[in-house]
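Enquirer: Structure incoming, see below.
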Amino acid sequence: MTIEQLIEQVSKSNDNTDMDVLTHYSIDDLDKSSIDDFRRRVEGNPKFEHYEKLSSAEFLEEVGVIAINRNTGTKGVTIGGLLFLGKHLAILQTFPHFQMDLFDRRSQERWRTRISTFTDHLNVYQFFILSYNYLKSIPDNGFIVDEYPLQVEVDELLKLILREALLNLIMHTDYFSPEHEMINISWHDFEFINAGMMKIPVENFFTTEESKAGNVMIARLLKLIGFGECAGTGGEEIFNAAKISKIQLPSIETDAKRTILRISNKKS
């Protein structure tokens, strides 16, 4: 089997699985603080102000976290909804290998900072928000040690690169895999490691607008709060921002188990 055939096979086997409905899960299996914070962000968009009139259950149905199982006619929580907004223990009951970690290894100790679904009992939404805010602070807290003629512009471009890399990890990882997701930060490099094989050829990642999100529901929920609105352009944005910043171009590799996106801050 060629690598192209393997990618196609993996793509077909995983399409839209996070939209399936778990009929034995209910709103009680979702984390209220996550729902409230997510809802506040959604309703901050004038397009969705009308959601304010909905009950919590109605809101969750409107955004797709709760849906009807078309085979049984009963309501339940979608897989993507559970992963995104679920209570940590409820997630583990269906995804026993669920674990996402961010390690800032710029320290003589094992790490300076760790954000972990495992130790902090987080869902995907909580991990995303905490990691996004942490990565946003990186250019302002001593990560860049080389001198650039346009430091402010480079800082903003690096923030864009890291945002798109994080979104790529969250949207495309295979949450059914025993592999777990990891972000490693060192003095000049970032690694974004997600479970599962890419759905497009490696050589197309930085040049195509083709979108094959591994987790359609999670991608939808992120778009509702303003992230990943231009699906399929993340790789291209990462590449172009790195090129403008005159840092080493990013690289990506994939196999049947995992995908690794590497970003460097070193000059090209």
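Enquirer: Taking θ = phi - 60°, what integer Hz values does the Karplus form 6.51 cos²θ - 1.76 cosθ + 1.60 yield along region 174-188, in sequence order, with x for Gly and Pro?
Expert: Working through the residues one at a time gives 8, 6, 7, 6, x, 5, 10, 8, 8, 10, 10, 10, 10, 5, 10 Hz.
Enquirer: Mind giving me the FRET efficiency for residue 119 and residue 55? R0 is 22 Å, r the Cβ-Cβ distance, nearest 0.05 is fine. Please report the intermediate quantities before stating the final value.
Expert: Numbers: r = 34 Å, r/R0 = 1.53.
Calculated transfer efficiency: 0.05.
Enquirer: Here's a follow-up. Can you tell me the dipole magnitude for region 85-128 around its Cα centre, using point charges on the Cβ only (Lys, Arg +1; Asp, Glu -1), in Debye to the nearest 20?
Expert: Around 120 debye, computed over region 85-128.
Enquirer: Once you have a ≥ b ≥ c as the square roots of the Cα gyration tensor eigenvalues for region 151-208, tell me rounded if a/c is under 1.5, and otherwise prolate or oblate according to whether a/b is larger than b/c.
Expert: oblate
Enquirer: Can you check what the net charge comes to around residue 38, using other residues whose Cβ is under 12 Å from the Cβ of residue 38 (Lys, Arg +1; Asp, Glu -1)?
Expert: 0
Enquirer: Using a cut-off of 14 Å between beta-carbons, work out the net charge of the residues near residue 103 (Lys and Arg +1, Asp and Glu -1, residue 103 not included).
Expert: -2
Enquirer: Please give the net charge around residue 194, taking every other residue with its beta carbon less than 9 angstrom from that of residue 194, where Lys and Arg add +1 and Asp and Glu add -1. Can you show the working numbers first?
Expert: Values: positive: 258; negative: 174, 179, 181.
So the environment of residue 194 carries a net charge of -2.
Enquirer: So, one more: In sequence order, what are the phi-derived ³J(HN,Hα) couplings for region 43-52 according to the Karplus relation 6.51 cos²θ - 1.76 cosθ + 1.60 with θ = phi - 60°, rounded to whole Hz, with x for glycine and proline?
Expert: 6, x, 8, x, 5, 10, 4, 5, 5, 4
Enquirer: Let me ask another. Taking amide H positions as placed 1.01 Å from N in the peptide plane, with prolines and chain starts having none, which residues 5 or more places from residue 247, or on another chain, fall under 5 Å of its amide H?
Expert: Here 268 satisfy the definition.
Enquirer: Over region 11-86, what is the relative contact order in whole percent, taking alpha-carbon pairs under 8 Å and six or more residues apart?
Expert: 48
Enquirer: Give the lysines whose C-alpha is closer than 25 Å to that of residue 257, dropping any in the same chain fewer than 8 places away, or say none.
Expert: 12, 199, 212
Enquirer: List the residues, sorted by chain then number, that are 5 or more residues from residue 66 or on another chain and whose placed amide H is less than 5 Å from its amide H.
Expert: Amide H neighbours of residue 66: 61, 78.
Enquirer: Now a separate question. Calculate one ³J(HN,Hα) per residue across region 71-80 by plugging θ = phi - 60° into the Karplus curve 6.51 cos²θ - 1.76 cosθ + 1.60, and present them in order as whole Hz with x for glycine and proline.
Expert: With coefficients 6.51, -1.76 and 1.60, one gets 7, 10, x, 9, 8, x, 8, 5, 4, x Hz.
Read-outs: derived from the displayed coordinates by stated rules, not from any lab. The model shown is predicted, which means the values in this text are computed figures rather than measured ones. When we count neighbours, we look across all protein chains shown, and the Cβ atoms used for this are built from the backbone with ideal geometry, even at glycine.
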